[in-house]
Structure formats: C-alpha cells, structure tokens
Amino acid sequence: MRCTIILLSLLSFLLISAIPAAAQEHAVDETSWEVKELWNFHETIYQLWHTAWPEKDTELLKDLLPDLEAGYESLVNVELPGILRDKKLKWDDNLNKLGTVVKDYKTAAANNEDQALLDAAEKIHTYFEMLVRTIRPVLKEVDDFHQVLYRLFHYDIIDYNYEKVKTSAADLKDKMDLLNKAELPERMIAKLEMFNKARAELSESVDNLYETVNSSDDKDAIIGAVDQMHVKYQALEKVFD
C-alpha cells in the first residue's frame with residue numbers, strides 16, 4: 001500500500017512537471033502588463049535624459065550608443081504578454097519609430113554632428129515614453145478589472161466553464177465598484193466627460209452579466225453578455241488613446 005501511494009505521488013509529480021511552464025503560469029504571465037526589457041532599458045534612458053542631454057554632454061551620448069542599440073534590440077525581440085495583445089499595433093508603431101531614431105542617433109554620433117545627436121536623444125526619450133504609455137494602465141483600478149476580464153474572455157468563456165464564469169462575474173462586479181470610485185489623474189482631466197460616459201456604460205454591462213449569470217445558465221445569453229461587456233471595456237480603454 002505504501003509503495004502504491006509513493007508511485008501515485010511520483011506519477012502526479014511527473015504529470016505536473018510535463019505541463020509546459022507557460023501553461024502553468026499563464027495566469028501570472030499573461031495578465032501582467034510588465035515588460036522587463038523596457039524597464040531594463042530605462043537605466044540607459046535615464047542617463048541619456050537626466051545627465052547627458054541637459055548637460056549637452058555629447059561624449060557621454062556617444063558612449064551610450066552601444067547600450068541604446070542593445071536596449072532597442074531587446075525590445076524588438078519582446079513578446080508582449082497576452083493581456084497586452086490589443087496594444088500590439090500601437091507598440092509596434094512606436095517601436096519602429098524608436099528604431100529609426102536610434103539609427104539617426106548612430107549616424108549623428110559617427111559624423112560628430114552634436115546638435116543632430118542632441119535632437120535624436122530627445123526623440124529617443126519621447127518614443128521610450130510613448131512605449132511606456134502604450135502598455136501602462138491609466139488607473140490601477142482599470143488594470144485590476146482587466147486582469148479578471150482577460151481570464152474570463154480568453155479562457156473561461158472559451159471553454160465555457162459556468163462556475164468559473166459565475167465567479168468571474170462576481171469578481172468583476174467588485175472590481176467595477178472600485179473603478180466607479182476611481183478618479184482620473186489631473187493630466188487626463190480633459191477626458192473626464194468621455195471617461196465617465198464609458199465607465200457608466202461598462203458598469204451597466206457588468207451588472208447585466210452578473211444578473212444574467214446568476215439567473216440561469218443559458219450559455220448563449222451569458223456569452224452575449226460577456227461579449228457586450230468586453231466591447232464596453234474596449235470603449236473605455238479607447239478614451240485614453
């Protein structure tokens with residue numbers, strides 16, 4: 001009997017180990033908007049923007065070229081986490097612009113064109129910031145909501161696991177309560193009216209999903225409610241484009 005238990009335990013361990021790491025960790029990896037290569041690149045950008053550029057230290061700017069090229073190449077090879085799949089077109093566009101400016105920077109450095117080098121450094125900082133803004137949630141509450149929505153829309157509803165959908169609907173209702181209380185940062189106050197309208201429509205769709213999933217297990221009705229809520233979430237995100 002003891003040998004049987006040991007063998008079963010070993011078999012369970014081997015089966016779990018055989019599952020690809022990406023599959024085991026999708027809930028963590030795919031729902032995080034962090035891109036470590038971008039934050040690693042920030043160390044070089046910080047030197048460029050806060051030391052070399054304001055002091056017009058063109059020699060330091062030239063010394064930073066290998067790190068800038070390496071940082072850019074690391075971003076080219078990045079595979080965005082699943083939760084950022086809707087941001088890929090915008091990410092790629094800004095990344096291509098960054099790549100063009102890195103080439104201009106290299107040319108200016110090689111030709112000792114100091115002003116062109118300073119101008120390219122300023123543009124590199126600008127496109128780096130645009131990459132950060134592309135993936136960074138405007139509000140923590142929006143990110144928290146999106147993490148639950150992502151699992152629901154891309155996993156639970158695809159497999160149609162009713163109990164998981166029901167749990168997600170309750171989680172989303174709680175996240176929506178917090179989102180309804182969130183305030184936009186001052187820099188985005190011009191978008192307040194559009195934000196409030198989109199948030200109210202999203203909140204209504206969340207309530208509709210919650211009521212639908214708790215009143216029956218009608219698969220078509222529930223899928224329709226999830227789709228509607230996803231559209232309303234996308235409209236909320238579009239406010240910040």
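Quick notes on this structure:
- Condition check for Lys62: open to solvent by 80 Å² or more (accessible area, probe 1.4 Å) and modelled with pLDDT of 80 or more: no
- Residue among Glu69, Glu55 that alone is in a loop (DSSP other than H, G, I, E, B), open to solvent by 50 Å² or more (accessible area, probe 1.4 Å) and more than 27 Å from Leu236 (Cα to Cα): Glu55
- Restricting Leu75, Leu64 to residues that are over 30 Å from Val231 (Cβ atoms), touching an Asp or Glu at 6+ places or on another chain (Cβ under 6 Å) and of a type in the set (A, V, I, L, M, F, W, C) narrows the list to Leu75.
- The residues of segment 106-125 that are part of a helix (DSSP H, G or I) and among the acidic types (Asp, Glu), listed by number, are Asp114, Asp119, Glu122.
- Counted residues, segment 126-150 - those being open to solvent by less than 20 Å² (accessible area, probe 1.4 Å) and not in a helix (DSSP H, G or I): 1
- Among the residues of segment 169-226, those that are surrounded by fewer than 17 Cβ atoms within 10 Å (Cβ to Cβ), aliphatic (A, V, I, L, M) and free of Cβ contacts under 8 Å to residues at least 40 places away in the same chain comprise Leu178, Ile189, Ala190, Leu192, Ala200, Ala221.
- In segment 100-111, the residues that are within 14 Å of Tyr127 (Cα to Cα) form Cβ pairs under 7 Å with partners that are open to solvent by 80 Å² or more (accessible area, probe 1.4 Å) and of a type outside the set (Val, Ile, Thr), at six or more places apart or across chains, as follows: Val101/Lys123.
- Only residues that are of a type in the set (S, T, N, Q) and part of a helix (DSSP H, G or I) were counted across segment 74-90, and they come to 1.
- Ala120 open to solvent by less than 30 Å² (accessible area, probe 1.4 Å) and closer than 30 Å to Leu60 by Cα: yes
The values are calculated or read from the model by the stated rules, or taken from the named source; none is laboratory data. Bear in mind the structure is a predicted one, so any value in this text is a computation, not a measurement. Neighbour counts run over all protein chains shown; Cβ positions are idealised from the backbone, glycine included. Only protein heavy atoms, including side chains, enter the accessible area calculation; ligands, DNA and RNA are left aside. Shrake-Rupley method; radii C 1.70, N 1.55, O 1.52, S 1.80 Å.
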